[in-house]
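Visitor: Let me give you the structure first, and then I'll get to my questions.
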Amino acid sequence: MSTVIASAPTRSEAQDAGLAPFPGARRPDRRRSVDSGGLTLTVWEWGDPGDPAVLFAHGGFDFAGTFDTLAPLVADGGYRVVSWDQRGHGDSQHAHLYSWEADLRDAAAVLNSIGPGAVPVVGHSKGGALMLQLADAMAHKVSHLVNLDGLPSGRSWPDVADHHRTRMLNGELGEWLDHRRRSADKVRRPGTVQELAQRRGLMNPRLNPQWLEYLVPIGGYESHDGWRWKIDASMRMGGFGPWRPEWSMSRLPALGMPVLCILGMDLELMGWGTLPEDVIPNLPANARFVPLEGVGHFMHIEQPAVVADLILETIS
Amino acid sequence: MNTTKMLTHVRCELALHQLRDADGLPLLLLHGLGERTPAEVPSIFEEWRGPIWGLDFTGHGASSRTPGGGYTAEILMADVDVALAELGKVAIVGRGLGGYIGLLIAGARPELVSGLVICDGPGLAGGGPTPHSPAVISPPSTSPAALPSVLPSTTSGPENPDPFALVELATDVRPDDYATTYARQAVQFSGLEAPITIAAVVRPSWLAAVAAEPGVVTKTLSQGLERYWQP
């Protein structure tokens, strides 16, 4: 495709371009690039560059712009908020391959780009599980961990008999391989801003449609036949492999830095179905656990002020 | 004379080498970790009367390298599936890593894999059956803030495997029950009484578990080839 995909705007570029505002949202002040083993990642920063840094990691199929309401509140609390579009997401390069270990390596590359010393890290959903493993792997570089509904548990896995599981897996594997065979030239379906927002709304049913429309010019691009989400079309929701959700949770008790775990208590499709009784036995000594009633998986978008206050209490 | 077809797997270019042209069921050779398809038919396969092909996995041999790595066994399984789209039904012999990948594709495309022989070779064990202490594998960096590199040292050049592939495919977790799930699918859906033959002497945990499954037999490579030959 010959379409030139424009970068999402910074704060000043958004003002110049007249990006439709959303109450409380503020685009990042700066944009830069980081090389991760030959792959170019786009890094975003909110706040004064001289302030102490905090690293934010977004969830799967999101992008750093989904922190546009949370990050400014933390930045205004005296922090330089650094986030990045994960490989294949937002404005970062589409990779040949995607894996958990590669995402972890990308996170380390961004963390190293901030400078020497340990910094607090905050992750939502997949980004939360990623930051949990980063904190376990690089304890010398992580001063605090804040996990926003990113603690996988085995609850959402279907409890089916072995012979049924075999047949299900066989079908899933065939579909995934078929998808790989078809993905060489695959591009995402075009639509209007409203149509893209509606599609995203299927995964984010609790979120304000106006917010979802705000995200389109940030996480999408416009060409002659309409708007498309930038996320790599070869990526697919779900998946399979040897990984078990409990492996992620088992890293939590090992952490020595202060930890804050927040769960949205209104369970959603995009969440893990993790309950307090799954988390509490695994909390390390320096951990605080906060269940938020009446809030879903995207707690930082539903209640940015509440989540920002909890983050600032923990890292300040 | 060998010929090579270049196949596309999403953004990767895969080299599929024809080592021998003949009639009958094709034999597909899957190399071990860090290896590549041999230039000629190894003598042990001379008794196979059909065509013989070899696939260079992504990051190996004449196949493409990937910026930033991200190698997984499942991606390599999909490499093989792209080759199956070209070749149709095959029998597979896999060395080391190629044996594990052969198991995955035999379970995922049982209708297209008419027999698998798993042999000793580099990368047979992988990273073991359970998660290890996490480590971040970083490429060399000039930044003073960066961690020291732990990637394997290789000289640059297209003939060398991608260092990311060497590390990531040597440390991937291979739970016993994950491996046996694929073995059961191969047994249930392949139509063969014993679709998997283990010729490997070394038995890492995943392979020992597979060996204990019904429909999996222990034979020599020659015996395995004889079992799966179809004119």
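Visitor: From A:LEU73, A:LEU97, which residue is without any contact (Cβ under 8 Å) to a residue 12 or more places away in the chain and crowded, with 21+ Cβ neighbours inside 10 Å? Give the steps one after another, and end with the answer.
Guide: On the way: A:LEU73 fails: without any contact (Cβ under 8 Å) to a residue 12 or more places away in the chain.
Criteria check complete, one pass: A:LEU97.
Visitor: Which one of these does A:ALA71 not meet: (1) among the aliphatic types (A, V, I, L, M); (2) over 30 Å from A:ALA20 (Cα atoms); (3) more than 11 Å from chain B (Cβ to nearest Cβ); (4) assigned to a helix (DSSP H, G or I)?
Guide: Checking A:ALA71 against (1) among the aliphatic types (A, V, I, L, M); (2) over 30 Å from A:ALA20 (Cα atoms); (3) more than 11 Å from chain B (Cβ to nearest Cβ); (4) assigned to a helix (DSSP H, G or I), the one that fails is (2).
Visitor: When region B:56-98 is examined, which residues are found to be closer than 24 Å to B:ARG203 by Cα and away from chain A (no Cβ under 11 Å)?
Guide: From region B:56-98, those closer than 24 Å to B:ARG203 by Cα are B:57, B:71-77, B:80, B:91-98; that's our starting set.
B:PHE57, B:ALA91, B:ILE92, B:VAL93, B:GLY94, B:ARG95, B:GLY96, B:LEU97, B:GLY98 - these are the residues of region B:56-98 that are closer than 24 Å to B:ARG203 by Cα and away from chain A (no Cβ under 11 Å).
Visitor: Moving on to the next point. Would you please name the residue that is surrounded by the most Cβ atoms within 10 Å (Cβ to Cβ), looking only at residues in region A:151-181 that are at pLDDT 90 or above and of a type in the set (Lys, Arg)?
Guide: Within region A:151-181, the first condition is being at pLDDT 90 or above, and the residues that meet it are A:151, A:173-181.
Subset that is of a type in the set (Lys, Arg): A:180-181.
Values: A:ARG180: 21, A:ARG181: 16.
Of everything passing the filter in region A:151-181, A:ARG180 is surrounded by the most Cβ atoms within 10 Å (Cβ to Cβ).
Visitor: Listed residues A:MET235, A:MET270; which is more than 14 Å from chain B (Cβ to nearest Cβ), of a type in the set (A, V, I, L, M, F, W, C) and either in contact (Cβ under 8 Å) with a residue 12 or more places away in the chain or over 30 Å from B:ILE105 (Cα atoms) (or both)? If you could, list the steps in order and put the result at the bottom.
Guide: Details: A:MET235 fails: more than 14 Å from chain B (Cβ to nearest Cβ).
None of the other options fit; the residue is A:MET270.
Visitor: Is it the case that region A:37-60 has a residue that's among the small types (Gly, Ala, Ser), in contact with a strand residue (DSSP E or B) (Cβ under 9 Å, 6 or more places away or on another chain), assigned to a strand (DSSP E or B) and under 29 Å from A:SER223 (Cα atoms)? Quick ask: steps written out before the conclusion?
Guide: Our first condition is that a residue be among the small types (Gly, Ala, Ser); within region A:37-60, this holds for A:37-38, A:47, A:50, A:53, A:57, A:59-60.
If we keep only those that are in contact with a strand residue (DSSP E or B) (Cβ under 9 Å, 6 or more places away or on another chain) as well, we get A:47, A:50, A:53, A:57, A:59.
Next, from what is left, pick out any that are assigned to a strand (DSSP E or B): A:53, A:57.
Add one more test, that the residue is under 29 Å from A:SER223 (Cα atoms), and what stays is A:57.
Checking region A:37-60: at least one residue is among the small types (Gly, Ala, Ser), in contact with a strand residue (DSSP E or B) (Cβ under 9 Å, 6 or more places away or on another chain), assigned to a strand (DSSP E or B) and under 29 Å from A:SER223 (Cα atoms).
Visitor: Could you run through region A:15-31 and say how many residues are assigned to a loop (DSSP other than H, G, I, E, B) and in contact with a helix residue (DSSP H, G or I) (Cβ under 9 Å, 6 or more places away or on another chain)? Outline the logic, then answer.
Guide: Keep residues of region A:15-31 that are assigned to a loop (DSSP other than H, G, I, E, B), which gives A:18-29.
Pick out the ones that are also in contact with a helix residue (DSSP H, G or I) (Cβ under 9 Å, 6 or more places away or on another chain) and you get A:19-29.
So the count comes out to 11.
Visitor: All but one of (1) crowded, with 22+ Cβ neighbours inside 10 Å; (2) assigned to a helix (DSSP H, G or I); (3) among the hydroxyl-bearing types (Ser, Thr, Tyr) hold for A:SER12, so report the exception by its number.
Guide: So the condition that A:SER12 fails would be (1).
Visitor: Take region A:40-65 and flag every residue that is within 20 Å of A:ALA6 (Cα to Cα) and at pLDDT below 95.
Guide: Scanning region A:40-65 gives a single hit, A:PHE61.
Visitor: State which residue is surrounded by the fewest Cβ atoms within 10 Å (Cβ to Cβ) when the search covers only region B:166-175 and only residues that are facing chain A (nearest Cβ under 10 Å) and not in a loop (DSSP other than H, G, I, E, B).
Guide: Restricting attention to region B:166-175, the residues satisfying the condition of being facing chain A (nearest Cβ under 10 Å) are B:167-168, B:171-175.
From what is left, the residues that are not in a loop (DSSP other than H, G, I, E, B) are B:167-168.
On the way: B:VAL167: 18, B:GLU168: 24.
Looking at the filtered set, the residue picked out is B:VAL167.
Let's see how each residue does on (1) in contact (Cβ under 8 Å) with a residue 40 or more places away in the chain; (2) in the same structural domain as A:ASN204 (by TED's automatic domain parsing); (3) touching a Leu at 6+ places or on another chain (Cβ under 9 Å); (4) more than 26 Å from B:THR66 (Cβ to Cβ):
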position: A:ARG27; (1), (2), (3), (4): yes, no, yes, yes
position: A:TRP46; (1), (2), (3), (4): no, no, no, yes
position: A:GLY50; (1), (2), (3), (4): no, no, no, yes
position: A:THR66; (1), (2), (3), (4): yes, no, yes, yes
position: A:SER83; (1), (2), (3), (4): yes, no, yes, no
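Visitor: Assess whether B:ILE44 counts as being β-branched (Val, Ile, Thr), surrounded by fewer than 22 Cβ atoms within 10 Å (Cβ to Cβ) and closer than 26 Å to B:ALA186 by Cα. Even if it seems obvious, please write down each step before you answer.
Guide: Details: β-branched (Val, Ile, Thr): yes; surrounded by fewer than 22 Cβ atoms within 10 Å (Cβ to Cβ): yes; closer than 26 Å to B:ALA186 by Cα: yes.
Yes: the conditions hold for B:ILE44.
The values are calculated or read from the model by the stated rules, or taken from the named source; none is laboratory data. Please read these numbers as outputs of a predicted model, since none were measured by experiment. Here the Cβ is made from the backbone with ideal geometry for all residues, glycine too, and neighbour counts use every protein chain on show.
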